[in-house]
Structures are given as structure tokens and as C-alpha cells.
Ligand code: OOB
């Protein structure tokens, strides 16, 4: 494995190879998609039009040659932040084929996050759109260039301004260096930990296994049509089985411009979509819209819901309202994925977040007193397995707190396991606000508040929210009591600092002091209790 990554121990590697979890498969070169009968079939449907498997394959080979021609080399890191367009898929395949490593940023990220990613990854290139709404990414790229020192190139989808057009990264296909299947293929971002996003190395072998096994579990094959309603850069829509798992199986991926029913229902009808995935806050909106829609949704077989807790009442309504099977997915970019099975009893599908994907996933539920939890008892979930990382990228010491000595990843999630082994997620011990699937690291928000305003203290907590599940509440103690910041000023300051919009606090509470624990940390439990009364 590359420098900065923590390899699996030799004994685990041997088991995963011998038992067939890891093969010699490399991401992006997929026999089912290259089979003669698949080549003329539709691979991608986007706003820009339709591409067949053959066209995607050829475009990826040309872009791969173009990337090498532009001076990038296997092992280089490239921060990828594109709109959910065909280019994102073609670029991903091109990067996998050359062994150049994408670091997937989210569409909502702005200069603060991109600067952090470029410097943590030591990225050689950044790929971005021309502009989105009010953000000109070429200006953002210039800011990142000024603040970091590894970046050599910026590729822009659209008018490149002073940079290079992504469309010019194109050359006659060349023989490509074959990546080692057990080397890193891509980096995902952590959502579940408290600080700024950490980089999660995922290897060809581990991610290929995930794609293969999730497709099998969801019945995804050459006739399947997956709708990416959520951002493709996130593990859920990327590879569970998502866009990559569907393409790998020879099926069709449809990329929606937005996750709303308005945007997605016409696509479901037109492309005869069979499977899609959503985060919980979208589900009631889809259910309402389904009641009056004229669009034919009858092709839909499976709706996956995950990223945050789905309320059982909403879950129960899905099959009737949308005419499909609900699948709850409790996953994480770090690896472990849990699914309810398509043929599980209704009770399991409605009330649990499923069980591990792989027989090789090892899971432990550890109570607060350190003992293993029995069925029905709450504890923190620890896991290791053939597609779960052993350490964050270049995280050194910090990995010690997130992993046990024997390689288990501490998820920070509080779960309960039923007698049948299905998980219910009941809470979290990490300091993250789960805003309907979008993870807001409280520490990061607190740092921005302290840097932007004269404060004696800042503490960010999650408050229950009817739509989002949780909302972000910032509690601040101003230095000058007579002159506290307003929510509007906080919003303006976050925008000025180039922070993704979903991290802006939803609510601001001005306090005279923050409750403290005996060891001098902010007592967030007491703070929550104080706000609830
Ligand atoms: C997915 O991945 P991440 O990395 O954005 O966030 C992981 C965290 C989990 O540790 C857990 O706290 C929470 O998100 N979570 C859920 C959940 N699914 C994820 N909490 C309750 N119920 C669920 N169903 O969010 C993700 C990755 C792949 C597939 C699906 C979701």
C-alpha cells in the first residue's frame, strides 16, 4: 500500500485472498460492461445526453491517456469536485485505470474544505466545475493555489478561465500501467468523526469487493437502472452499489440534477429506473409527491434509505406509496455496510438498519463498561473486515484513538443488536451533527466561530429537528455581552471564510457561560438539557 496508509496485516490479507473476497480485479475495467452484448447498451444518462458502455469505455481510455500526457503520474492525488455529470464518471474510470488517485470532495465544499483536502492529500491537481450558483470555482481554485504548495494543475469542466479545460484532457489511448489491485484506488472523506474530514484510503480489491457484493445483495445486473439522486462523490451513491456497482454489472446509471421528486420522477419514468437511494429527510417529500404525481413510477423495485436514522412510520409507508421494496442501509465511508435484505420480514425492514454485507465483517458491540453487549443492549460498534480501513491517510497518532490495537475501527455509533443480528442505530458518541445524512463536525464549526468572532467560548450541539432529524445549534459566549453576534452575521462570516453551506449553524444561542465538566471540557449533555428546558 502507498505511503501514509495503514496496511491490513499479512494474516488478514491471506484470508481475504484465499476466501475470494479480494481478487485481482482493478476498478474501472469491467468485463460485464465490456461484454459484446453490453457495449451498445446505455451506460449513462445525464443532462448532457446518453452514453453507451462502449462510449464510456473509450472516453475513459482517452482521458486516461490525456491525464498521463498532462504530466500526472500513478500515485498522484487529484481532488475531484464535479457536478454530477458524465465527466465525473469518465474521469473516475480514467483515474482508476491509470492508478492516479481521486480524492472525492462533496459538491457543497468550498475553499476552506478544498484547501484542507489539497494540503492533506498533497494533491497535484484539482478538478472543478466552472461555476455553481453563486460560486465561481475558478476563483476558488486560485485561492486554493495561493494557500497550498503541492497543486500543479487545475482542470475545469466548462470555461477554464486561466486554467486547463477538462475537455482538453484527451489523447489517443495508450498502453496503461496496470495498478496493483491491493493498492489504493480512491480516497473517500470521513463523515463520522469530529474534526475536519479525514481521508479514507480504499483499495481496488476492497472497493471492487464492495461493488460486487452490494450489487448481488440488491439484485443489480445488466437490466438494472440505478438513479443517482444523491451526490455521486459520496460512498452511498458511488458504490453501494450506486453508479460504479451498476456500471460494473453492465447496467445503466442515471444521474439526477437534484434529489427532489420534481427532478427525479420524470427520470424514473423515462429511464425505467429500478433502484435508487435517498437520505431520510427526502423520503416524506417523495411520499407526498407520489400521491399526486402523473409520472409512472412502476419500474422502481428498490428504494435504499440511509445516512441517518429513518423513522419507522415513514419507513412503513414506502412500499405502498412507491410500489417498491424499502432497504435500510447503515453505512460509512470507512467501510462496513449494513443492509436489510430485500426478503426480510416487514418488521426488520421497518425497525432495523440491517446487518453486515459480508460474512467476513467482524462486528463487536462494546458497552460503556468495556464488556461485550448482549442482544438488545446498547454499546459502541467496533468493526473490521475486508473493505473496512485500518487507518486514515497520513493520520499518524490520531489513528490510535479511532482504531483498537487489533485493528477494529471504532465507529462512534451507539447501536443495539437484535437476537437475529440486525442493528438499530440509537445514537452516537462522536461529536457530529447528522443533519439528515450530512455530517457536520462540531469541532470544525466551533473553530470557525472562534476565529470569526470575539468569543469567550463556543459549543456546537445537535438539537432534534422534525425534518432533518438533527439541526446544528451554536451556543456562544461573546466577549462583549452588549454586542453578541447574530445568526445573520454568523452566516455571512461562514460564507466569507469559504465554508460549505451545510455547516452553517441553523440556530444561534447566546449564553453567559457554558456548562463545564469536572475536567474542564464543555458539558454538552448539560448544555442540551439546559436548552430543552
Ligand atoms: C454514510 O456514510 P458517512 O461516512 O457519511 O457517515 C457514516 C455515519 C455512520 O457512522 C452513522 O453515524 C451514520 O452516518 N449513519 C446512520 C445510517 N447510515 C449512516 N445512522 C442511522 N441510520 C442509518 N441508516 O452515511 C453512508 C455510507 C454508505 C451507505 C449509506 C450511508
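The values are calculated or read from the model by the stated rules, or taken from the named source; none is laboratory data. Here the structure is a predicted model, which means the values were calculated and not measured. Using ideal geometry, Cβ is built from the backbone for each residue, glycine included, and neighbour counts are taken over all protein chains shown.
Being out of contact with any strand residue (DSSP E or B) (no Cβ under 8 Å at 6 or more places or on another chain) and within 16 Å of the ligand (Cβ to nearest atom) is the filter here, so list the residues in region 246-283 that pass it. If the condition is that a residue be out of contact with any strand residue (DSSP E or B) (no Cβ under 8 Å at 6 or more places or on another chain) and within 16 Å of the ligand (Cβ to nearest atom), then 282 is the only one that fits. Among the residues examined, residue 352 does not qualify as away from the ligand (no atom under 12 Å from the Cβ), at pLDDT 95 or above, touching a strand residue (DSSP E or B) at 6+ places or on another chain (Cβ under 7 Å) and outside the structural domain of residue 525 (by TED's automatic domain parsing). As a summary of the residue check, residue 388 satisfies the conditions (1) farther than 25 Å from residue 464 by Cβ; (2) within 14 Å of the ligand (Cβ to nearest atom); (3) not in a loop (DSSP other than H, G, I, E, B) except for the one numbered (3).
Residues are listed down the side, and each one gets a yes or a no for (1) more than 16 Å from the ligand (Cβ to nearest atom); (2) within 21 Å of the chain's Cα centre (by Cα):
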position: 394; (1), (2): yes, yes
position: 397; (1), (2): yes, no
position: 403; (1), (2): no, yes
position: 414; (1), (2): no, yes
position: 422; (1), (2): no, no
position: 427; (1), (2): no, yes
position: 434; (1), (2): no, yes
position: 442; (1), (2): no, yes
position: 469; (1), (2): no, yes
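More than 10 Å from the ligand (Cβ to nearest atom), surrounded by fewer than 19 Cβ atoms within 10 Å (Cβ to Cβ), without any contact (Cβ under 8 Å) to a residue 40 or more places away in the chain and not in a loop (DSSP other than H, G, I, E, B): does that describe residue 343? For residue 343, the condition - more than 10 Å from the ligand (Cβ to nearest atom), surrounded by fewer than 19 Cβ atoms within 10 Å (Cβ to Cβ), without any contact (Cβ under 8 Å) to a residue 40 or more places away in the chain and not in a loop (DSSP other than H, G, I, E, B) - is not met. Of all residues in region 261-292, those being within 22 Å of residue 215 (Cβ to Cβ), part of a helix (DSSP H, G or I) and without any contact (Cβ under 8 Å) to a residue 60 or more places away in the chain number 2. Looking across region 131-144 at every residue that is modelled with pLDDT of 95 or more and surrounded by fewer than 18 Cβ atoms within 10 Å (Cβ to Cβ), the one that is farthest from residue 86 (Cα to Cα) is identified as 143.
Of the residues 308, 333, 237, the single one that is within 13 Å of the ligand (Cβ to nearest atom), more than 30 Å from residue 33 (Cα to Cα) and in contact with a strand residue (DSSP E or B) (Cβ under 6 Å, 6 or more places away or on another chain) is 308.
Is it the case, given these coordinates, that residue 363 is outside any loop (DSSP other than H, G, I, E, B), within 12 Å of the ligand (Cβ to nearest atom) and surrounded by 18 or more Cβ atoms within 10 Å (Cβ to Cβ)? The answer is no for residue 363. Is it the case that region 293-305 has a residue that's within 16 Å of the ligand (Cβ to nearest atom), crowded, with 20+ Cβ neighbours inside 10 Å, in contact (Cβ under 8 Å) with a residue 40 or more places away in the chain and part of a loop (DSSP other than H, G, I, E, B)? No: zero hits.
Residues that are touching a helix residue (DSSP H, G or I) at 6+ places or on another chain (Cβ under 6 Å) and within 11 Å of the ligand (Cβ to nearest atom) were ranked within region 182-214; the one that is farthest from residue 385 (Cα to Cα) is 188. When the strands (runs of 3 or more DSSP E) confined to region 41-120 are screened for residues that are closer than 15 Å to residue 255 by Cα, those reaching at least 1 such residues are found at 42-46, 49-52. Every test in (1) exposed (fewer than 14 other Cβ atoms within 10 Å of the Cβ); (2) modelled with pLDDT under 95 is passed by residue 33 save one, and that test is (1).
Inspect all residues belonging to region 368-377 and state whether any of them is closer than 18 Å to residue 280 by Cα, in contact (Cβ under 8 Å) with a residue 24 or more places away in the chain and surrounded by fewer than 19 Cβ atoms within 10 Å (Cβ to Cβ). Checking region 368-377: not a single residue is closer than 18 Å to residue 280 by Cα, in contact (Cβ under 8 Å) with a residue 24 or more places away in the chain and surrounded by fewer than 19 Cβ atoms within 10 Å (Cβ to Cβ). I need the full set of residues from region 216-229 which are crowded, with 24+ Cβ neighbours inside 10 Å and within 14 Å of the ligand (Cβ to nearest atom), in order please. Listed by number, the residues that qualify are 218, 226, 228, 229. With respect to the conditions (1) modelled with pLDDT of 95 or more; (2) within 26 Å of residue 109 (Cα to Cα); (3) within 25 Å of the chain's Cα centre (by Cα), residue 72 falls short on a single one, namely (3).
Does at least one position in region 233-251 carry a residue that is crowded, with 23+ Cβ neighbours inside 10 Å and part of a strand (DSSP E or B)? No, there is no match, as no residue in region 233-251 is crowded, with 23+ Cβ neighbours inside 10 Å and part of a strand (DSSP E or B). Among 508, 456, which is the only one that is surrounded by 13 or more Cβ atoms within 10 Å (Cβ to Cβ), over 30 Å from residue 144 (Cβ atoms) and touching a strand residue (DSSP E or B) at 6+ places or on another chain (Cβ under 7 Å)? When all the criteria are applied, what remains is 456. Can we say residue 177 is assigned to a loop (DSSP other than H, G, I, E, B) and at pLDDT 95 or above? No; evaluated as a whole, the condition is false for this residue.
When restricted to residues that are in contact (Cβ under 8 Å) with a residue 24 or more places away in the chain and outside any loop (DSSP other than H, G, I, E, B), region 215-232 contains 6. Which of the residues spanning region 311-322 are away from the ligand (no atom under 16 Å from the Cβ) and either within 23 Å of the chain's Cα centre (by Cα) or within 15 Å of residue 348 (Cα to Cα) (or both)? Within region 311-322, 317, 319 qualify. Does any residue of region 206-218 turn out to be under 25 Å from residue 118 (Cα atoms) and under 18 Å from the mean Cα position of the chain (by Cα)? Yes - at least one qualifying residue is present in region 206-218.
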